[in-house]
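The values are calculated or read from the model by the stated rules, or taken from the named source; none is laboratory data. Note that the structure is predicted; figures quoted are calculated from it, not measured. Every residue, glycine as well, gets a Cβ built from its backbone with ideal geometry; the counts of neighbours run over all protein chains shown.
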Amino acid sequence: MNYKVYVIELHRRVFTENKKFRDANPQFNGVLQCLYVGMTSKTPKERFEQHKTGYRNLKGHKLSSNIVEKYGWYLRPSLYDHLNLKPMTKAQALKLEAKLALDLRRQGYAVWFN
């Protein structure tokens, strides 16, 4: 199966309203955006739609992020398209998800990832 990473821009309210998000981003100075970084075997668009609708699997387990469901605005392909040019395994995508999230934090974004 082929996996991809993706980035979703979040409404800035996430920083003021969500303590966990704020605590995870002490470096944030309010200049750049708040983001969510994830990985998926679907297209980024399909995964974003799942987040926004509170997707649950057949067993009823929620497979979407509450943060994206409440604060997600839109995909930011300019931050991830270049990373999805080669097929990735799940393990590779998980590693890249964390690396991308931490790289974006170092650039000054506020970022949430799993």
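At pLDDT below 95 and of a type in the set (Val, Ile, Thr), is that true of Thr53? Walk me through it before giving the result.
Numbers: at pLDDT below 95: yes; of a type in the set (Val, Ile, Thr): yes.
Yes: the conditions hold for Thr53.
Hey, among the residues in the stretch 67-89 that are assigned to a helix (DSSP H, G or I) and not hydrophobic (A, V, I, L, M, F, W, C), which one's surrounded by the most Cβ atoms within 10 Å (Cβ to Cβ)?
It comes out as Tyr71.
Restricting attention to the stretch 14-36, which residues are aliphatic (A, V, I, L, M) and either touching a Pro at 6+ places or on another chain (Cβ under 7 Å) or closer than 17 Å to Leu102 by Cβ (or both)? Give the steps one after another, and end with the answer.
Going through the stretch 14-36, the residues aliphatic (A, V, I, L, M) turn out to be 14, 24, 31-32, 35.
Hits for the stretch 14-36 are Ala24, Leu32, Leu35.
Of everything in the stretch 55-114, what is of a type in the set (Lys, Arg) and over 11 Å from the mean Cα position of the chain (by Cα)? Give them in sequence order.
The answer is Arg56, Lys59, Lys62, Lys70, Lys86, Lys90, Lys95, Lys99, Arg105, Arg106.
Checking Gly72 against (1) in contact with a His (Cβ under 7 Å, 6 or more places away or on another chain); (2) modelled with pLDDT under 95, which test does it fail?
Failing condition for Gly72: (2).
Kindly provide the set of residues from the stretch 36-71 that are under 10 Å from Tyr6 (Cβ atoms) and among the hydrophobic types (A, V, I, L, M, F, W, C), ordered by number.
Those that are under 10 Å from Tyr6 (Cβ atoms) and among the hydrophobic types (A, V, I, L, M, F, W, C): Val37, Met39, Phe48.
Do you know which of the residues in the stretch 9-66 that are hydrophobic (A, V, I, L, M, F, W, C) and assigned to a loop (DSSP other than H, G, I, E, B) is farthest from Leu104 (Cα to Cα)?
Leu58
Every residue, every condition in (1) among the small types (Gly, Ala, Ser); (2) modelled with pLDDT under 95, yes or no:
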site: Ala24; (1), (2): yes, no
site: Leu63; (1), (2): no, yes
site: Asn66; (1), (2): no, yes
site: Thr89; (1), (2): no, no
